[in-house]
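Structure, as structure tokens:
The values are calculated or read from the model by the stated rules, or taken from the named source; none is laboratory data. Being a predicted model, the structure only gives us computed values, none of them experimental. FYI the Cβ positions are ideal-geometry reconstructions off the backbone, even for glycines, and counts take in every protein chain you see.
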Amino acid sequence: MQSKAPPSQAAVPRTKRTVTSWALPLVGLTVAYVILVATVRNQYYQLMLTLVPVWATLGISWNILSGYSGLVSFGHAAFFGLGAYALTILFVFLGVTPWIGLPLAGVVGGLAGLIIGYPTFRLRGHYFALSMLAYPLALLYVFEWLGLQEVSLPMRRDAPAAFMQFSDNRMYSLMGLGLMVTALLVCLKIERSRFGMSLLAIKQNEIAAEASGIDAFRWKLKAITVSGIIAGAIGGFYVMVLLVVTPQTVFGMLTSAQALIMALFGGVGSAWGPVIGAAVLIPLTEILHAELGDKLPGIQGVVLGAAIILIILTAPEGIFWKVRDMLQRRAGRKVGAGDPARAPDTLPADAVAAAPALSSGLGALPARTAPAAGTPVVLEVRGLAKSFGGLKAVQDVSFSVRQGEILGIIGPNGAGKTTLFNLLNGILKADSGSVTYAGQPVLGLPTNRVCRLGIGRTFQVVRPFPRLSVLDNVVVGAYAATSSDEEAYALARVALARVGMERSAHMLAGGLTTKQLRLLELARALAAGPRLLLLDETLAGLGADAVEDVLDVITRLAAEGITIVIIEHTMQAMVRLADRFVVLDHGAVLAEGSPQNVTRDPQVIEAYLGKKWSQYARA
């Protein structure tokens, strides 16, 4: 069932909504924590109030990479420890004040993120996670080998404040709070920007994100660099709190685990998640350690393990998302992970007028004229080939597509149709051949570059970003067309209007029907302003009425001048839709020509259509 944002929410300006959604809670948290720090006199509890923002900040650092991109890191201790040792070496051996050493520790952490991320992002899934685990373990042994097993920071009683050494431990709590708030502001800025939206798209479906023009490698490299800066800086501050550093303390498994646990417990993919996790778990573990540590050694690890088991069983996405979803159900809302009110909620009048009136009947498609013989060629494919071992998926395929043409790619299952599309938009690398788009060679270009050149793509199995709203899904596609976020939202709304889905903008993509998902994917491709659309079985899984609606949209797009290459098995629809067919069989071109001629070709009938269609075709 479709649900819409309340009118009052849609009318809230972007800036005002931003203040009410995160600035006021952040100010409230800061004021409450300052009051708490000011009233606590016990030195042990003062230390605890310092450790809460330390581990919250490290959790925020982990969240910026792993929470938003989905690449699980077991190695954030590497950035934390390098920042800790950078400040220590600068202070102990070079006499540099921590006020300078702290930002330099962040720089060291960021450089480490850049250096580690560049080769490691070639890996996927558990391979990435395990490789990240290797870095802090290797650094632990390196620093032990260097003779830095235990380095104490000297007391500078001549100028303690100049060297970040305070007699009142509450100063460290306030500094920790300041670092946590800074990290939160960075995280919130990322979360509500193109940066965060791109990472969320990568997390939910990296191939779809690339096909929408998102340079996944570049955004992930930026994320690990920012994450490393924050982790390195908080690692340097942690040394100033303890006044001693050992490899096991800063590079150990527990350090990386705590970053992950704080975010997982509080809410992965939310700026507030690590803060919630640290606020609950750090006091709990520290108090139990103080009270029961002598009787139950390792009680902290037991509590952290139990907390993770509990949260996985009761709220797999973390406390933040559990509470948020509960509140939204009570309010009768259902929106995506992005805030729908952060975007302009107005649709240009010309976009509304251009929106197709989708019919539910089986009437004729909108009239359009097939391109003439002299129309410029948009796509030229020559000798394209791809093999997987001994299987020749695509064999010496050649064809051309004219501006404004609808070309149908048909053939039996396993004929190589989707593989052909994957070669055309860069998901797979061809063994041989050439592909020219608008006079420019595109073979071998990354998928995101192909999209930004003007080639849009949909998929045989729909690839939405299910935790984002319909609007935010399409905005991801619009990023390829503009550097302005405001313009991206305007383009996204126009694209939704063109496929008749503007009224579903604030629905969660994960709750859409098959027809809506097909139209959503089409809108996402349109938002980038393509001249050529590659549609892979866009009609698959649709009922008769839904097929007519989608055909109506496709025909209108072609009438606007967009060139379309479509793979489809629904022959009754394809005969009405396509200007020309290319038939593939066992990866090779079997036939090419008008639908009327191709459907009467004996070779095509034998390979694909069958005797039943032969009788229909002659009728």
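Tell me, please, whether a residue that is touching a helix residue (DSSP H, G or I) at 6+ places or on another chain (Cβ under 6 Å), assigned to a helix (DSSP H, G or I), of a type outside the set (Lys, Arg) and farther than 25 Å from LEU140 by Cβ can be found in region 21-29.
Yes: region 21-29 contains one or more residues that are touching a helix residue (DSSP H, G or I) at 6+ places or on another chain (Cβ under 6 Å), assigned to a helix (DSSP H, G or I), of a type outside the set (Lys, Arg) and farther than 25 Å from LEU140 by Cβ.
In this structure, does GLY269 turn out to be surrounded by 24 or more Cβ atoms within 10 Å (Cβ to Cβ) and in contact (Cβ under 8 Å) with a residue 24 or more places away in the chain?
The answer is no for GLY269.
Answer with yes or no whether ALA162 is loosely packed, with under 14 Cβ neighbours inside 10 Å, within 27 Å of ILE89 (Cβ to Cβ) and assigned by TED's automatic domain parsing to the domain that holds TYR44.
For ALA162, the condition - loosely packed, with under 14 Cβ neighbours inside 10 Å, within 27 Å of ILE89 (Cβ to Cβ) and assigned by TED's automatic domain parsing to the domain that holds TYR44 - is met.
Within region 272-283, identify whether any single residue is buried (at least 24 other Cβ atoms within 10 Å of the Cβ) and closer than 12 Å to LEU65 by Cα, and answer yes or no.
no
So, in region 278-322, of the ones that are within 23 Å of the chain's Cα centre (by Cα) and assigned to a helix (DSSP H, G or I), which residue ends up nearest to LEU468 (Cα to Cα)?
Taking the candidates together, the pick is TRP321.
Of all residues in region 430-460, which are outside any strand (DSSP E or B) and small (Gly, Ala, Ser)?
Answer for region 430-460, where residues must be outside any strand (DSSP E or B) and small (Gly, Ala, Ser): ALA430, ALA438, GLY439, GLY444, GLY454.
Here are the criteria: (1) assigned to a loop (DSSP other than H, G, I, E, B); (2) modelled with pLDDT of 80 or more. Tell me which single one ARG333 does not satisfy.
(2)
Quick one: which of ARG493, ARG463, ARG467 is charged (D, E, K, R), part of a helix (DSSP H, G or I) and either in contact (Cβ under 8 Å) with a residue 40 or more places away in the chain or closer than 24 Å to ILE202 by Cβ (or both)?
Testing whether each residue is charged (D, E, K, R), part of a helix (DSSP H, G or I) and either in contact (Cβ under 8 Å) with a residue 40 or more places away in the chain or closer than 24 Å to ILE202 by Cβ (or both) leaves just ARG493.
In the set ASP549, ASP545, which member is touching a residue at least 24 places away in the same chain (Cβ under 8 Å), surrounded by fewer than 20 Cβ atoms within 10 Å (Cβ to Cβ), in the same structural domain as ARG449 (by TED's automatic domain parsing) and assigned to a helix (DSSP H, G or I)?
Selected residue: ASP545, the only one of ASP549, ASP545 that is touching a residue at least 24 places away in the same chain (Cβ under 8 Å), surrounded by fewer than 20 Cβ atoms within 10 Å (Cβ to Cβ), in the same structural domain as ARG449 (by TED's automatic domain parsing) and assigned to a helix (DSSP H, G or I).
Taking the criterion of being of a type in the set (Phe, Trp, Tyr), out of contact with any Lys or Arg (no Cβ under 8 Å at 6 or more places or on another chain) and closer than 24 Å to LEU153 by Cβ, would at least one residue in region 58-67 satisfy it?
no
Examine region 280-296 for a residue that is within 30 Å of LEU174 (Cβ to Cβ), among the small types (Gly, Ala, Ser) and in contact (Cβ under 8 Å) with a residue 24 or more places away in the chain, and state whether such a residue exists.
Scanning region 280-296 turns up at least one residue that is within 30 Å of LEU174 (Cβ to Cβ), among the small types (Gly, Ala, Ser) and in contact (Cβ under 8 Å) with a residue 24 or more places away in the chain.
If I filter region 193-201 for residues that are assigned to a helix (DSSP H, G or I), over 9 Å from the mean Cα position of the chain (by Cα) and hydroxyl-bearing (Ser, Thr, Tyr), do I get at least one hit?
no
When you look at GLY408, is it touching a strand residue (DSSP E or B) at 6+ places or on another chain (Cβ under 8 Å), surrounded by 22 or more Cβ atoms within 10 Å (Cβ to Cβ) and either part of a loop (DSSP other than H, G, I, E, B) or not charged (D, E, K, R) (or both), yes or no?
Against the criterion (touching a strand residue (DSSP E or B) at 6+ places or on another chain (Cβ under 8 Å), surrounded by 22 or more Cβ atoms within 10 Å (Cβ to Cβ) and either part of a loop (DSSP other than H, G, I, E, B) or not charged (D, E, K, R) (or both)), GLY408 qualifies.
Assess whether PHE166 counts as being of a type in the set (Phe, Trp, Tyr), in contact (Cβ under 8 Å) with a residue 60 or more places away in the chain and touching a helix residue (DSSP H, G or I) at 6+ places or on another chain (Cβ under 9 Å).
Judged against the criteria, PHE166 is not a match.
So how many residues does region 39-89 have that are hydroxyl-bearing (Ser, Thr, Tyr), under 32 Å from the mean Cα position of the chain (by Cα) and either more than 18 Å from PHE251 (Cβ to Cβ) or at pLDDT 95 or above (or both)?
Going through region 39-89 one residue at a time, the tally reaches 5.
Based on this model, can you work out whether ALA528 counts as surrounded by fewer than 20 Cβ atoms within 10 Å (Cβ to Cβ) and assigned to a loop (DSSP other than H, G, I, E, B)?
Considered against the rule, which asks whether it is surrounded by fewer than 20 Cβ atoms within 10 Å (Cβ to Cβ) and assigned to a loop (DSSP other than H, G, I, E, B), ALA528 comes out as no.
Could you give every pair whose Cβ atoms fall below 6 Å, whose first residue belongs to region 319-330 and is of a type in the set (A, V, I, L, M), and whose second residue is surrounded by 11 or more Cβ atoms within 10 Å (Cβ to Cβ) and in a helix (DSSP H, G or I), counting only separations of at least 6 or pairs across chains?
Taking only residues 6 or more apart or on different chains, the pairs are ILE319/GLY266; ILE319/ILE276.
Limited to region 161-189, what total is found for residues that are of a type in the set (S, T, N, Q) and either under 16 Å from PRO103 (Cβ atoms) or at pLDDT below 90 (or both)?
2
Can you find even one residue in region 184-191 that is β-branched (Val, Ile, Thr) and free of Cβ contacts under 8 Å to residues at least 12 places away in the same chain?
Within region 184-191, not a single residue is β-branched (Val, Ile, Thr) and free of Cβ contacts under 8 Å to residues at least 12 places away in the same chain.
Quickly run through region 574-589 and pick out the residues that are closer than 17 Å to LYS386 by Cβ and either in contact with a strand residue (DSSP E or B) (Cβ under 8 Å, 6 or more places away or on another chain) or not assigned by TED's automatic domain parsing to the domain that holds ALA415 (or both).
VAL582, LEU584, HIS586, GLY587, ALA588, VAL589
Considering every residue within region 216-223, establish whether at least one is in a loop (DSSP other than H, G, I, E, B), buried (at least 21 other Cβ atoms within 10 Å of the Cβ) and under 12 Å from the mean Cα position of the chain (by Cα).
Checked region 216-223: no residue is in a loop (DSSP other than H, G, I, E, B), buried (at least 21 other Cβ atoms within 10 Å of the Cβ) and under 12 Å from the mean Cα position of the chain (by Cα).
Might you check whether a residue that is closer than 27 Å to TRP99 by Cβ, β-branched (Val, Ile, Thr) and buried (at least 24 other Cβ atoms within 10 Å of the Cβ) occurs anywhere in region 200-208?
For region 200-208, residues closer than 27 Å to TRP99 by Cβ, β-branched (Val, Ile, Thr) and buried (at least 24 other Cβ atoms within 10 Å of the Cβ): absent.
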